[in-house]
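S.K.: What follows is a structure written as structure tokens; I'll ask about it next.
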Amino acid sequence: MDLDIRRAVLHNLSGNNKQQLQDTVIDAIQNGQEKMLPGLGVLFEVIWNKADSSFRDQMLTRLEQGV
């Protein structure tokens, strides 16, 4: 079975507004289910790919502080 998680996540969230995206992220984090982690990873990848080097550095600093 070949699943394209990236495509599925992006398809499911396509057309969502900021509030809907925020609700999705908050729900995934608060729910704490392992099955939500790949979807959050896809969202992180989208943010990373759209970020400039300054924003990437900020994210990495926050990750470093958080772990």
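S.K.: Calculate the dipole size of the chain relative to its Cα centre from +1 charges on Lys and Arg beta carbons and -1 charges on Asp and Glu beta carbons; express the result in debye to the nearest 20.
M.R.: 140
S.K.: Looking at the P(r) of the chain, how many percent of alpha-carbon pairs lie beyond 15 Å?
M.R.: That tail contains 62 percent of the Cα-Cα pairs.
S.K.: Another question about this same structure. Rounded to the nearest 10 degrees, what's the angle between the helix 18-31 long axis and the longest principal axis of the chain, both from Cα atoms, 0 to 90?
M.R.: Roughly 90 degrees, rounded to the nearest 10.
S.K.: Compute the acute angle (0 to 90°) between the alpha-carbon long axis of helix 37-50 and the principal axis of greatest extent of the alpha-carbon atoms of the chain; round to the nearest 10°.
M.R.: 50
S.K.: Positive end of the dipole of the chain, charges at C-beta (+1 Lys, Arg; -1 Asp, Glu), about the Cα centre: which of Asn12, Gly41, Asn31 has its Cα farthest in that direction?
M.R.: Going by the charge dipole, the pick is Asn12.
Coordinate-derived values only; no laboratory data. None of these values were measured; they are calculated from a predicted model. With ideal geometry, Cβ positions are generated from the backbone for all residues, glycine too; neighbour counts draw on all protein chains shown.
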